[in-house]
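Colleague: Structure in structure tokens, see below.
The values are calculated or read from the model by the stated rules, or taken from the named source; none is laboratory data. Predicted model only: the values in this text are computed from it and were never measured. Glycine also receives a Cβ, built like all others from the backbone with ideal geometry; neighbour counts cover every protein chain displayed. Heavy atoms of the whole protein, side chains included, go into the accessibility calculation; ligands, DNA and RNA do not. Shrake-Rupley method; radii C 1.70, N 1.55, O 1.52, S 1.80 Å.
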2 protein chains.
Amino acid sequence: MTDAPYQSSSGSQPRIVIVGAGFAGLEVAKTLGKAGIAATVIDRRNHHLFQPLLYQVATADISATDIAEPIRKILKRQKSIQVIFGEVTSIDPQRKLVHLSEGSDFPYDILVLAPGSRASYFGHDEWATVAPGLKTLEDARTIRSRLLWAFEQAERSTDPEEQRRLMTFIVIGGGPTGVELAGSIAELALHTLAQEFRNIEPKKTRIMLVEAGPRLLAGFSPKVSDYAKRALERLGVEVSLGKAVEKIMADHVVIAGESIPAGLTVWAAGVSASPLTANLGVGRDRMGRVEVAPTLQVIGCPDVYALGDIARFTDDKGNLLPGLAQVAKQQGQHFGEALVKKLQTGTELPPFVYRSRGNTAIIGRHAGVFEAGETTLKGWFAWVAWAFIHVYLLVGFQHRVQVSLQWLWRYLTYDRGARLISSEQLPQLPHGRADRADLSRPE
Amino acid sequence: MTDAPYQSSSGSQPRIVIVGAGFAGLEVAKTLGKAGIAATVIDRRNHHLFQPLLYQVATADISATDIAEPIRKILKRQKSIQVIFGEVTSIDPQRKLVHLSEGSDFPYDILVLAPGSRASYFGHDEWATVAPGLKTLEDARTIRSRLLWAFEQAERSTDPEEQRRLMTFIVIGGGPTGVELAGSIAELALHTLAQEFRNIEPKKTRIMLVEAGPRLLAGFSPKVSDYAKRALERLGVEVSLGKAVEKIMADHVVIAGESIPAGLTVWAAGVSASPLTANLGVGRDRMGRVEVAPTLQVIGCPDVYALGDIARFTDDKGNLLPGLAQVAKQQGQHFGEALVKKLQTGTELPPFVYRSRGNTAIIGRHAGVFEAGETTLKGWFAWVAWAFIHVYLLVGFQHRVQVSLQWLWRYLTYDRGARLISSEQLPQLPHGRADRADLSRPE
């Protein structure tokens with residue numbers, strides 16, 4: 001028995017609960033597990049999701065199962081780690097309890113919060129049903145089904161105006177997700193679907209990328225932004241900068257006063273942190289993040305730590321860290337190791353220091369951007385760098401091989417292997433336009 | 001202009017409509033397309049489904065996209081073929097119209113019906129919500145989600161009786177689908193999940209295969225049936241023969257008077273033909289099939305042909321052909337070629353002759369059965385024969401390579417790559433037992 005601050009009320013081992021098995025939570029669990037320290041991981045999915053490739057599921061490039069790995073499988077050998085498939089609804093920091101949706105509670109001595117973020121519609125939650133975000137596999141399947149369905153409906157239509165509407169896709173948000181999604185939709189239309197329809201010409205598909213700010217990829221340097229814009233325009237994507245979206249309806253979008261009929265609108269404009277921190281009694285910023293100390297402890301909550309997208313972390317140069325997979329992963333690794341050391345030797349938690357491995361995004365299959373410090377790669381080399389980084393980061397060995405093979409195949413053939421329309425993601429089986437307002441978005 | 005019987009009312013080319021792009025319909029479309037003859041294929045899915053491997057999607061061996069290929073992609077080069085994604089609701093043989101669900105009609109001169117079959121609950125349609133069948137990708141995803149969810153619930157439960165219930169899986173029907181599914185669930189529990197739980201032992205999973213008839217695999221010889229039973233029993237599956245299911249509820253099944261608590265029940269006991277032939281004004285047998293002449297023409301309907309599972313075809317020896325993929329595929333090939341010849345040269349349609357390529361089924365990864373005429377293969381060689389036949393039959397080249405690689409990987413590692421629980425297939429996120437009665441089955 002020691003007098004360490006983390007001593008549990010129930011025994012010598014503190015009860016550690018990790019909420020979320022994304023990039024951050026999973027690293028914490030792995031590190032604790034390797035040291036034989038007991039912890040419970042709770043996630044509302046049974047799988048860890050490799051979110052950076054989610055847009056490729058949305059455009060039918062790869063299958064949902066390629067980027068999702070069962071959490072249990074990843075943590076199989078870490079016998080001290082318990083995995084719970086359940087939805088955390090709230091946290092009681094006074095009684096040190098995590099509440100689950102079905103009514104059960106999990107007590108904790110140390111709480112690690114890493115639930116991630118979700119699409120944020122800037123106060124227009126009604127847009128969620130007509131402009132799906134891209135954060136979950138359900139989102140990606142919804143976009144895939146509606147995208148492919150729009151082409152099917154256009155093929156059936158005899159009204160040229162309606163065909164034009166159905167074949168207009170609007171992506172809102174010019175960050176990496178929006179850029180990659182717009183590029184991928186363009187390649188789907190230009191190459192994959194090109195020969196498959198008899199009444200429509202998929203090459204005439206109109207794809208708009210709408211960004212309210214002055215440039216694409218605001219996290220990169222301006223020359224990269226310019227390059228991305230030109231690369232998208234070469235693929236036929238219309239890039240609209242400095243114009244805000246005013247209204248999104250099932251069949252049209254209003255941008256800077258202009259109404260544009262559309263077959264599908266996708267929301268990639270903003271995210272906000274999971275609302276799980278609402279009861280912690282601490283302030284949250286505009287994006288719903290809680291402020292954390294350099295140790296990743298939530299300021300004002302001694303035994304609660306926040307990692308990844310929900311943490312507002314300011315580095316020693318005063319920069320706010322962005323919501324990136326590599327930030328979350330490094331925080332998870334750092335915190336896991338620090339916690340193991342503290343529990344084993346009683347040392348204080350050291351501060352987290354972020355080391356950027358570079359930013360990358362791709363535009364179609366021949367253009368990419370990669371930026372690390374002063375180094376900028378553009379074009380095909382950046383595409384290769386992107387592919388390597390993403391394949392390397394994929395969790396399971398099987399997925400690395402499989403996703404690599406699929407990419408290679410697709411690269412050589414412009415084939416797409418996962419073009420499923422799931423009737424679950426559509427109101428019913430294909431109907432006329434009147435039904436589109438009923439589209440309901442799972443999640 | 002000729003006076004051929006198939007002359008269209010609208011011109012010299014008859015309007016050919018094919019309903020269903022399964023094994024039969026797809027072959028007809030391909031053959032007509034290669035001859036440059038115009039035809040319209042209507043399917044309520046956008047994909048052709050390789051149904052013989054559907055059970056492997058249900059047990060998380062492979063991904064849904066591995067066995068589904070977009071119909072448009074398969075028929076891409078057949079420029080005379082129009083593909084329509086829509087649901088046929090009825091047929092008007094007097095006015096020669098096919099009605100679609102959204103209200104549109106397609107006129108035909110020649111109608112090829114190949115819509116396939118669906119699960120049949122022998123008058124107990126209420127069982128459909130609690131015991132999903134296995135005919136569509138949605139079915140397979142539903143079974144996969146509920147199967148994996150049952151283990152998750154058992155892990156959370158503290159009641160040993162409830163854990164036993166959740167870890168009891170009942171497969172009803174001892175044909176190839178039931179045998180393959182039961183074997184595959186057993187391997188999932190024995191190998192894949194073995195090390196992944198902390199509170200339950202997946203090896204203690206109880207799997208029952210219930211067949212009302214006197215033996216498994218009634219389409220094979222009795223010695224094969226005995227072998228299959230022994231092979232399943234070696235995997236720990238309880239095989240129950242000669243006992244009928246009396247009742248299926250969300251949490252238990254009554255078999256021959258005995259109530260057995262169960263975590264999931266799957267229906268593989270019977271199918272009936274699509275009801276699309278209801279308005280043709282001809283009789284249908286107990287399984288909903290319409291009688292066809294040797295030419296595959298529906299007896300009593302001059303311009304309507306029925307292929308595959310909806311056709312009751314009696315061969316020249318008086319045997320009724322079974323509802324198998326190879327029967328459907330051969331009928332499609334035969335009919336397509338015969339129709340091309342008739343349209344080009346005016347010759348009469350020749351009779352269809354079925355040539356069995358042998359029957360095959362597998363039980364786990366070391367046991368299989370293959371029977372062709374007097375030849376019977378059992379064990380590992382039959383497993384290899386099965387694998388070869390199935391890989392060969394897969395429609396697209398990409399899938400052949402990919403599914404082969406996945407199989408090999410799985411064979412070597414007992415890994416399962418597609419263990420996704422989709423929240424769409426569950427009532428909501430994981431809840432307690434009370435919700436199970438609400439499970440709704442997509443279709």
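Colleague: Within a 10 angstrom radius of each residue's Cβ in A:194-206, how many Cβ atoms of other chains show up on average? Whole number is fine. All intermediate terms of the calculation are to be shown ahead of the outcome.
Modeller: Details: counts 1, 5, 9, 4, 8, 1, 0, 0, 0, 0, 0, 0, 0.
Other-chain Cβ atoms within 10 Å of each residue's Cβ, averaged: 2.
Colleague: So, for chain A, what is the accessible surface per residue at a probe of 1.4 Å, expressed in square angstrom? Please report the intermediate quantities before stating the final value.
Modeller: Values: 17330 Å² over 443 residues.
Per-residue value: 39 Å².
Colleague: If you wrap a convex hull around the alpha carbons of the range B:207-346, what volume per residue comes out, as a whole number of Å³?
Modeller: Details: hull volume 22.4 nm³, N = 140.
Cα convex hull per residue, to the nearest whole number: 160 Å³.
Colleague: Another question about this same structure. Could you check how much of the accessible area of the protein assembly as shown is carbon and sulfur, as a whole percent, using a 1.4 Å probe?
Modeller: Details: 18140 of 34630 Å².
Carbon and sulfur: 52 percent of the exposed surface of the protein assembly as shown.
Colleague: Now, a different point. Over every pair of different alpha-carbon atoms in the protein assembly as shown, take the mean of 1/r and invert it; report that Kirkwood radius in Å. Walk me through the numbers on the way to the answer.
Modeller: Details: mean 1/r = 0.0343 Å⁻¹.
In the protein assembly as shown this quantity evaluates to 29.2 Å.
Colleague: Oh, and also: No solvent, one uniform scatterer per C-alpha: report log10 I(q)/I(0) for the range A:63-123 via the Debye equation at q = 0.15, 0.24 1/Å, two decimals.
Modeller: -0.69, -1.15
Colleague: Compute the angle between helix A:137-156 and the longest alpha-carbon principal axis of chain A, please, reported from 0 to 90 degrees and rounded to the nearest 10.
Modeller: Roughly 10 degrees between the two axes.
Colleague: Taking the Cα-to-Cβ direction at residue A:34 and at residue A:293 and moving 7 Å from each Cα, how far apart do the two end points lie in nm?
Modeller: It works out to 2.6 nm between the two label points.
Colleague: Ok, one more. Using every alpha carbon pair in chain B, what percent of pairs falls into each 10 Å bin from 0 up to the bin containing the largest distance?
Modeller: Final binned percentages: 4, 21, 30, 25, 14, 5, 1, 0.
Colleague: Continuing with this model, one more query. Can you list, shortest first and in nm, the gaps between the label point of residue B:238 and those of its counterparts in the other copies, using a point 7 Å from Cα in the C-beta direction?
Modeller: Ordered by distance, the counterparts are at 6.6 nm.
Colleague: How long are the three semi-axes of the equivalent ellipsoid of the range B:137-218, in whole Å, if each is the root of 5 times an eigenvalue of the C-alpha gyration tensor, listed from largest down? Present the calculation step by step, with values, prior to reporting the outcome.
Modeller: On the way: eigenvalues 116, 37, 28 Å².
Working from the Cα gyration tensor, I get semi-axes of 24, 14, 12 Å.
Colleague: Just to be sure I understand: if you take the accessible area of chain A alone plus chain B alone and subtract the pair, with a 1.4 Å probe, what total do you get in Å², rounded to 100? Could you put the intermediate results ahead of the total?
Modeller: Working: alone 20110 and 20070 Å², together 34630 Å².
Approximately 5600 Å², summed over both chains.
Colleague: Just the number, please: percent antiparallel of the DSSP beta bridges in the protein assembly as shown, rounded to the nearest 5. Show your work: numbers first, answer last.
Modeller: Working: 66 of 128 bridges.
Among the beta bridges of the protein assembly as shown, antiparallel pairing accounts for roughly 50 percent.
Colleague: Averaged over A:102-114, how many beta carbons belonging to a partner chain fall within 10 Å of each residue's beta carbon?
Modeller: Working: counts 10, 2, 2, 0, 0, 0, 0, 0, 0, 0, 0, 0, 0.
Mean shielding count: 1.
Colleague: Also: Report the Rg/Rh value for the range A:125-165, based on alpha-carbon coordinates and the Kirkwood definition of Rh. Please list the in-between numbers first.
Modeller: On the way: Rg = 12.5 Å, Rh = 11.4 Å.
Reported Rg/Rh, Kirkwood definition of Rh: 1.09.
Colleague: Provide an ascending nm list, one decimal, of label-point separations from residue A:257 to the equivalent residue in each further copy; define each label point as 7 Å from Cα along Cα→Cβ.
Modeller: Once sorted, the set of distances for residue A:257 reads 8.4 nm.
Colleague: Also, quick follow-up: Count, for each residue of B:36-47, the Cβ atoms from other chains sitting within 10 Å of its Cβ, then give me the mean as a whole number. Don't skip to the end; give the middle numbers.
Modeller: On the way: counts 0, 0, 0, 0, 1, 0, 0, 0, 3, 5, 11, 4.
The shielding value for this peptide is 2.
Colleague: So, in Å, what gap is there between the alpha-carbon centers of the range B:69-91 and the range A:156-235?
Modeller: The range B:69-91 and the range A:156-235 have Cα centres spaced 26 Å from each other.
Colleague: What size of dipole, in debye to the nearest 20, comes out for the protein assembly as shown about its Cα centre when the only charges are +1 on Lys and Arg C-beta atoms and -1 on Asp and Glu C-beta atoms? Walk me through the numbers on the way to the answer.
Modeller: Numbers: 100 positive and 92 negative charges, 390 e Å.
Roughly 1880 debye for the protein assembly as shown.
Colleague: In angstroms, what radius of gyration and Dmax does the range B:182-284 have, counting Cα atoms only?
Modeller: Cα radius of gyration and Dmax of the range B:182-284 are 17.4, 60 Å respectively.
Colleague: Using the Kirkwood radius built from alpha carbon pairs, what does the Stokes-Einstein equation give as D for the range A:292-334 at 4 °C and 1.567 mPa s, in µm² per second?
Modeller: Numbers: Rh = 10.5 Å.
The Stokes-Einstein estimate is 124 µm²/s.
Colleague: Please compute, for the alpha-carbon atoms of the range A:262-403, the extent along each of the three principal axes and give them in descending order in Å.
Modeller: Principal-axis extents of the range A:262-403 (Cα, largest first): 49, 43, 34 Å.
Colleague: Rounded to a whole number of µm²/s, how large is the Stokes-Einstein D of the range A:28-184 at 20 °C and 1.002 mPa s, given Rh as the Kirkwood radius over C-alpha pairs?
Modeller: On the way: Rh = 18.6 Å.
My calculation gives 116 µm²/s for D.
Colleague: Now for a different question. Aspartates and glutamates near residue A:247 by alpha-carbon distance under 12 Å, same-chain residues fewer than 8 away left out - which ones?
Modeller: A:125, A:126, A:258
Colleague: With +1 on each Lys and Arg Cβ and -1 on each Asp and Glu Cβ, how big is the dipole of the range A:178-275 about its Cα centre, in debye rounded to the nearest 20? Before the final figure, lay out the partial values.
Modeller: Details: 11 positive and 11 negative charges, 43 e Å.
For this selection, approximately 200 debye.
Colleague: Return the calculated 222 nm mean residue ellipticity for chain B, to the nearest 500 deg cm²/dmol, obtained by summing -39500 (n - 2.57) across DSSP H runs with n ≥ 4 and dividing by the residue count.
Modeller: On the way: 10 runs with 125 residues, N = 443.
Using -39500 (n - 2.57) per qualifying helix, the result is -9000 deg cm²/dmol.
Colleague: Also: In terms of Cα to Cα distance under 27 Å, which lysines are near enough to residue B:203, apart from those fewer than 8 places away along the same chain?
Modeller: Straight-distance partners of residue B:203: A:30, A:34, A:73, A:76, A:79, B:229, B:243, B:378.
Colleague: Can I ask one more? How many angstrom lie between the C-alpha centres of the range A:277-296 and the range A:347-365?
Modeller: Between the Cα centres of the range A:277-296 and the range A:347-365 lies a distance of 20 Å.
Colleague: If you don't mind, another one. State, to one decimal in nm and shortest first, how far the label point of residue A:287 sits from each corresponding label point in the other identical copies (label point: 7 angstrom along Cα-to-Cβ).
Modeller: Residue A:287 label point versus its equivalents elsewhere: 6.0 nm.
Colleague: Do you know which residues of the range A:74-93 lose at least 20 square angstrom of accessible area in the protein assembly compared with their chain on its own, with a 1.4 angstrom probe?
Modeller: A:76, A:79, A:82, A:84, A:85, A:87
Colleague: Can you tell me the 0 to 90 degree angle between the C-alpha axis of helix A:325-345 and the longest principal axis of chain A, rounded to 10?
Modeller: Relative to chain A, helix A:325-345 is tipped by roughly 10 degrees.
Colleague: Separate question: Using Cα atoms only, what is the angle between the long axis of helix A:176-187 and the major principal axis of chain A, expressed in degrees (0 to 90) to the nearest 10?
Modeller: Helix A:176-187 and the main axis of chain A meet at about 30 degrees.
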